[in-house]
Amino acid sequence: MHTLFHHLRRINSTSHTASWWRPISSRAFPTDVSGESPRSVERRRSDDLRSRILGLVFPRRSATALLQDWVDDGHKVSVLELRRISTGLMKLRRYKHALEFLWVGRCVVKNLVTHVEGWFENNRIYFQIFTWMEDRYGNRISAADHAIRLELTIKVHNLRQGEEYFATIPNRALQKAACLTLLHSYVKEKASEKAEALMIKMNSLGLTVSPHPFNEMMKLYMATSQSEKVPAVIQQMKQNNIPLNVLSYNLWMGACGESSGVASAEMVYKDMVKDKDVELGWSTLSTLANIYLKSGFLVKANLALQNAEKKLSTTNRLGYFFLITLYTSLKNKDGVLRLWEACKAVEGRLSCSNYMCILLCLVKLGDIKEAERVLTEYEYQCRKYDIRVSNVLLGAYMRNGFVEKAEALHLHTLERGGCPNYKTWEILMEGWVRSQNMDKAINAMKKGFAMLKHCDWRPSPSIVVALAEYFENSGNFEDAKRYLTVVRRLGLASLPVYKSLLRMHASAHQPSQEIFEMMKEDEIDIDDETSALLQTSFTEARIVLCDLVRS
């Protein structure tokens, strides 16, 4: 046990070593007649600004410094190119680099500043610099750029700084483009009062002329359990002659299903069918099916889904897996398998997310054999093994007590090149704890804990307690104390964990003052059993002390 466990206290260690092989001769790579190696030729051909910025994988690395070096080397960069690169970075969710390129890049291009590192600490500095640029050089920032900058500021920093930037936008014309971005952020943060106040402002600016802001408000009310407010939004749209789109009807229908019942939702559906300006599609029918499902109208739900199937595209998979999930909730395995086969007929490769979805549905339906067949299909076509796909089946095996199958699958994924993640070790750990294979469970815990510096995962409290109780039953004080040190460091120490160690001390007639001090540090509330254990320990300590004095 000691060999399995003693490294746990060093899980935060960063001592990594790496060895790099480098050629020691220029003849390591063939060269062309010019004496330049093919690798150098390829690097030169791909050495453009976009390639360089895409090479900045880690957010902490500065795109600003790279851009400045590029310009210092004599290259010319246009604002249009910077905007195009920034848009591409946003699609890749590299928001910090996108913000740098969009804004600092403009200044670098104009040769206005040479030292721009650290600009991103304060949004007020952004505005001061760009105001100065406008005053001195007439470099006007477009309304669209303000909207993008606001979005990036919120993503890179926070909503508060985004609000501060919005307040500094100099005139209403420029604010207009950024209003919808700010409203969307309020909806995401579920800030109802702020969103309602912004809607009033948008109305005064004449911006409530499309369904988009109203749809955002309906999303907000649905997300904050205020579905009863949605009909008022629809009424306002009708009064202002704002056309309802498909999303408007879907949100309205869903809200009526939540607050008023099926009959009300069906009336909205009929209104949509009569509206010649909107096209009835799979999303509306699936929304109706979901309302029927929640209300227990299973026959109607299945019929609505069958009609939704007829509306699916044969050229893209949008909607297929949404319907598959609903069929799963209806326990309609035939519908799940029928749609799965239909989506495979659509041109293009199936993604890992697609395979994870169908596996989750099959596991939920209890069809392990079909799930195994689907995993085999995935392994046949995958280019790089994604452990998240096999984790679905691994979890099903362990939950159903198929420990040997789970272990065999785990070894198989390793052979296929799969890289276990924290979820893999969590599944194995919980399965081994349930089957009382504690040595393997502790080993899995050790490997899972080693990944904590890369993610926010924590094992469940029940697993933490089960392992503490195992150390208690084994009577190994050293391992039990090391384990407590680790779980405290990870913020996982709880009253049951401490009780386990206190019982060990009580059984061995050892003092527990040190444990009591740790409980106070961790602000652990003490119950009657814990008080009794501590009292017993203190009594034992006094007896031992008295014996020592007498001797």
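Screening Ala441 against (1) small (Gly, Ala, Ser); (2) open to solvent by 30 Å² or more (accessible area, probe 1.4 Å); (3) under 30 Å from Arg482 (Cα atoms) leaves a single unmet condition, (2). The set of residues in the range 324-342 that are over 13 Å from Gln306 (Cα atoms) and either at pLDDT below 95 or among the acidic types (Asp, Glu) (or both) contains only Glu341. Would you mind stating whether Lys364 is out of contact with any helix residue (DSSP H, G or I) (no Cβ under 8 Å at 6 or more places or on another chain) and either modelled with pLDDT of 95 or more or within 21 Å of Lys294 (Cβ to Cβ) (or both)? Spelling it out, it is not the case that Lys364 is out of contact with any helix residue (DSSP H, G or I) (no Cβ under 8 Å at 6 or more places or on another chain) and either modelled with pLDDT of 95 or more or within 21 Å of Lys294 (Cβ to Cβ) (or both). Of all the numbered requirements in (1) touching a residue at least 12 places away in the same chain (Cβ under 8 Å); (2) among the hydrophobic types (A, V, I, L, M, F, W, C); (3) open to solvent by 10 Å² or more (accessible area, probe 1.4 Å); (4) not assigned by the TED database to the domain that holds Arg172, Ala232 misses one, and that requirement is (1). Kindly check whether there is at least one residue in the range 471-483 that is at pLDDT 85 or above, open to solvent by 30 Å² or more (accessible area, probe 1.4 Å), over 17 Å from Glu514 (Cα atoms) and in contact with a Leu (Cβ under 9 Å, 6 or more places away or on another chain). Yes, some residue in the range 471-483 is at pLDDT 85 or above, open to solvent by 30 Å² or more (accessible area, probe 1.4 Å), over 17 Å from Glu514 (Cα atoms) and in contact with a Leu (Cβ under 9 Å, 6 or more places away or on another chain). None of Lys405, Lys447 is part of a helix (DSSP H, G or I), at pLDDT below 95, open to solvent by 50 Å² or more (accessible area, probe 1.4 Å) and not acidic (Asp, Glu) except Lys447. Within the range 426-435, at least one residue is under 30 Å from Thr376 (Cβ atoms) and among the aromatic types (Phe, Trp, Tyr). Annotation: Gln239 fulfils all but one of (1) open to solvent by less than 30 Å² (accessible area, probe 1.4 Å); (2) more than 21 Å from Phe322 (Cβ to Cβ); the unmet one is (1). Considering (1) of a type in the set (A, V, I, L, M, F, W, C); (2) open to solvent by less than 50 Å² (accessible area, probe 1.4 Å); (3) under 28 Å from the mean Cα position of the chain (by Cα), the lone condition that Ala468 does not fulfil carries the number (3). Checked across the range 411-425, the condition of being within 26 Å of Leu365 (Cβ to Cβ), open to solvent by less than 50 Å² (accessible area, probe 1.4 Å) and not in a loop (DSSP other than H, G, I, E, B) holds for at least one residue.
Residues that are of a type outside the set (A, V, I, L, M), under 21 Å from Leu285 (Cα atoms) and not in a helix (DSSP H, G or I) were ranked within the range 326-367; the one that is least open to solvent (accessible area, probe 1.4 Å) is Asn332.
In this structure, Ala506 does not qualify as within 24 Å of Val403 (Cβ to Cβ) and not basic (Lys, Arg). Residues that are among the polar types (S, T, N, Q) and over 21 Å from the mean Cα position of the chain (by Cα): does the range 382-399 have at least one? The answer is no, given that none of the residues of the range 382-399 is among the polar types (S, T, N, Q) and over 21 Å from the mean Cα position of the chain (by Cα). Taking the conditions (1) within 30 Å of Ile200 (Cβ to Cβ); (2) in contact (Cβ under 8 Å) with a residue 24 or more places away in the chain; (3) among the aliphatic types (A, V, I, L, M); (4) surrounded by 15 or more Cβ atoms within 10 Å (Cβ to Cβ) in turn, Ile291 satisfies each one other than (1). Taken over the range 160-173, the criterion of being part of a helix (DSSP H, G or I), surrounded by fewer than 18 Cβ atoms within 10 Å (Cβ to Cβ) and not charged (D, E, K, R) is satisfied by Gln161, Ala167, Thr168, Ala173. Inside the range 244-266, residues that are within 25 Å of Pro213 (Cβ to Cβ) and either at pLDDT 95 or above or buried (at least 23 other Cβ atoms within 10 Å of the Cβ) (or both) make up a count of 16.
In the range 515-551, the qualifying residues are those that are β-branched (Val, Ile, Thr) and at pLDDT 75 or above, and the one that is most open to solvent (accessible area, probe 1.4 Å) is Ile526.
The values are calculated or read from the model by the stated rules, or taken from the named source; none is laboratory data. Note that the structure is a prediction, hence the values are computed from the model and not measured. When we count neighbours, we look across all protein chains shown, and the Cβ atoms used for this are built from the backbone with ideal geometry, even at glycine. All accessible areas refer to the heavy atoms of the entire protein, side chains included, with ligands and DNA or RNA removed. Shrake-Rupley method; radii C 1.70, N 1.55, O 1.52, S 1.80 Å.
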